[in-house]
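Colleague: Take a look at this one; I'll ask things after.
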Amino acid sequence: MAKLSSVVKITLNIVLFALIALSSQAQGLFSRQKVVNQYTTVGIGGGSSHYYGDLAPYSQFYYGFYTNVRWNASINYTRYLTPQAAARVQFTWARIAGDDYTFASRNLDALGGNFLRNFSFRNDVKEFTLSGLFNILPQYGKGAKGRNSVMPYFIAGIGFYGHNPQAKTPVDPTLNLNIEPNQWINLRQYSTSGQNLATNNLKPYSLVQFVLPTGIGVRLKINDKWDFTAEGTLHLTPFDYLDDVGGDAAYPDPNELGAIDPLSAALSNRSKEAFSSTGKTRLPEVLQILQEKGVPYTSSDPYSSLNGLLGYGAKDPANIRGTKRIDSYFLTQFTISYIISGNVKCPIIK
């Protein structure tokens, strides 16, 4: 947690420094010398989304590049202010997802507790950002027509997003939930971490959060009117519930949650479910973990022997629902941009 907090602080400082640098470059933008460098583009793009958090631990971050990958789409408006800097306003819709079954099964030795926990989610993040774009190489040309054929650049910004984590309802008929199984539902209202319980001081999390995107990209000039860009950006947020799993407390009392809604208790602890969100049985891996740990179990109900095994291995106490480590997401984006204006033309003063 301390390391990630430091990362957030460093990233925020980078963003502030970049925006200050952009502001300093903007001095005298409407002088005759600066006007010839300015032009505007609009772009539309898309790419992949990669979630990191309690269901995709940073300790195995490389799995996140090819596990539970989802999509994103974006539109942007960019104003190139100087030969080296631009300001961009962007809206991005990114779907992120996580699943203990698919992620932890790649390394049961390190992530056995996560596999047994059996959480999954998806979250559609709608993000608005203001970013500075800073060319890494010098550019000497004037305006749009003088831009380089290939230009790598650095991105730093600030923004906010709306979100609402979801999960599928259980398929186990023995739970007697009287609901349609395998349907996506919003999780926040079910207080799965114990929010609003008398024995817990957790408060419901907000569905609007602060975000710091930072990354690198490369811009390719197609012709005088079109550009193609490829970017990779890490979106950091000092927030722990993109996946509806947070804090470092033990599982809340199922009886308290059940008094609110039986479905709350079922969604709070999914370790006893025989199937993953993918519909596949968990039995072979559950038996493997129990046997390796030397935990006795009954063949008729091995899931009842999982108490005390849920957690995050040696670094964290067993039987906790989540950690205080912040959530984040990494986006790749491929964008086509059209130049809608060149030099700013000031009206003639008579």
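Every read-out reported here was derived from the displayed coordinates using simple, explicitly stated rules and does not represent laboratory data. All figures in this text were calculated on a predicted structure; none of them were measured in a lab. In this analysis, Cβ positions are derived from the backbone assuming ideal geometry, glycine residues included, and neighbour counts consider all displayed protein chains.
Colleague: Report, in listed order, any pair from K203/K293; K203/K280; K126/K221; K272/K324 with a Cα-Cα distance greater than 31 Å.
Modeller: Pairs exceeding 31 Å: K203/K293; K203/K280.
Colleague: Further question on the same structure: S341's amide H: which non-local residues (gap 5+, or another chain) put their own amide H closer than 5 Å, with H modeled 1.01 Å from N in plane and none for Pro or chain starts?
Modeller: T40
Colleague: Can you work out ³J(HN,Hα) from phi for every residue in segment 290-299, in order, using Karplus 6.51 cos²θ - 1.76 cosθ + 1.60 and θ = phi - 60°, giving whole Hz and x for Gly and Pro?
Modeller: Each residue's phi maps through the Karplus curve to give 4, 5, 5, 8, x, 8, x, 8, 9, 5 Hz.
Colleague: Starting with the fewest neighbours, write out S304, S341, S131, S120 ranked by other beta-carbon atoms found within 10 Å of each beta-carbon.
Modeller: Arranged by neighbour count, lowest to highest, S304, S341, S131, S120 become S304, S341, S120, S131.
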